Ligand SMILES: C[S@@+](CC[C@H](N)C(=O)[O-])C[C@H]1O[C@@H](n2cnc3c(N)ncnc32)[C@H](O)[C@@H]1O
């Protein structure tokens, strides 16, 4: 989506994607990555996700990238975290002891900022892109990740014609076709989550799968 779309969503606080709880797949599968506590974890398109607090609670250093300034400010104020703010090139860098958020476009995030991450977490980032931009995002993400880094990817899949995204449907076939060049891929879980998503029920979407993949950057 174009930046203006997301700025409007944050301005109007139409943030249905934001979860009040930690993502259940993150809680269930993060330990599969078997990372040292001090590992640095990159969270692309992070919003104000509480999942970053979960990652920090595991002892990790968290590096997020988020386009919208209000989202970043709300993350720190909602969680009562004191931060400092500095400019890094065209990004604003908000920092606490364990959490560093770069506010700006992921496509212009300098990759030296992520060269010492050993892990990543993508929830509602890949699926935020329409198909026309998704592969470009996946390439940018791969370019920001050092070889060997491990990640958890959480996607949604449903019959795309039943609803306008975002979130956009990302099928296992799309993952296989577009991510194999840069990542080793293992499907960890796939569950029908239609009953928990009133917007999809209202639009009579017949099924909605949430999947978790373990990825390793080649
Ligand atoms: C669907 S939300 C998901 C947020 C978060 N991952 C979560 O689970 O709540 C997608 C987020 O990506 C941000 N975003 C969109 N385009 C971006 C870009 N080019 N660079 C960085 N962030 C972007 C939006 O502002 C929005 O907060």
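For the reader, a short list of remarks on this structure follows.
- Verdict on residue 28 being touching a strand residue (DSSP E or B) at 6+ places or on another chain (Cβ under 8 Å) and surrounded by fewer than 15 Cβ atoms within 10 Å (Cβ to Cβ): yes
- Count of the stretch 110-127 residues, restricted to those that are within 8 Å of the ligand (Cβ to nearest atom) and closer than 27 Å to residue 85 by Cα, is 4.
- Yes/no for residue 173 being at negative phi, touching a strand residue (DSSP E or B) at 6+ places or on another chain (Cβ under 6 Å) and not in a loop (DSSP other than H, G, I, E, B): no
- Whenever a residue of the stretch 122-140 is closer than 21 Å to residue 41 by Cα and outside any helix (DSSP H, G or I), its partners that are modelled with pLDDT of 95 or more and more than 12 Å from the ligand (Cβ to nearest atom), lying with C-beta atoms within less than 7 angstrom and at least six residues away or across chains, give the pairs 122/151.
- Of the numbered criteria (1) surrounded by 10 or more Cβ atoms within 10 Å (Cβ to Cβ); (2) away from the ligand (no atom under 13 Å from the Cβ); (3) without any contact (Cβ under 8 Å) to a residue 24 or more places away in the chain, the one residue 5 fails is (2).
- In the stretch 143-182, the residue that is surrounded by the fewest Cβ atoms within 10 Å (Cβ to Cβ) out of those that are in contact (Cβ under 8 Å) with a residue 60 or more places away in the chain and closer than 16 Å to residue 213 by Cα is 148.
- Conditions (1) more than 10 Å from the ligand (Cβ to nearest atom); (2) more than 14 Å from the chain's Cα centre (by Cα); (3) not in a strand (DSSP E or B): number failed by residue 87: (3)
- Selection status of residue 19, outside the structural domain of residue 212 (by TED's automatic domain parsing), assigned to a loop (DSSP other than H, G, I, E, B) and modelled with pLDDT of 95 or more: yes
- Odd one out for residue 48 among (1) more than 10 Å from the ligand (Cβ to nearest atom); (2) in the same structural domain as residue 73 (by TED's automatic domain parsing); (3) touching a strand residue (DSSP E or B) at 6+ places or on another chain (Cβ under 9 Å): (1)
- Residue match in the stretch 2-14 (condition: part of a loop (DSSP other than H, G, I, E, B), in contact with a helix residue (DSSP H, G or I) (Cβ under 6 Å, 6 or more places away or on another chain) and not assigned by TED's automatic domain parsing to the domain that holds residue 214): no
The values are calculated or read from the model by the stated rules, or taken from the named source; none is laboratory data. Values in this document were obtained by computation on a predicted structure and should not be read as measured data. So basically every Cβ, Gly included, is an ideal-geometry build from the backbone, and we count neighbours across all protein chains shown.
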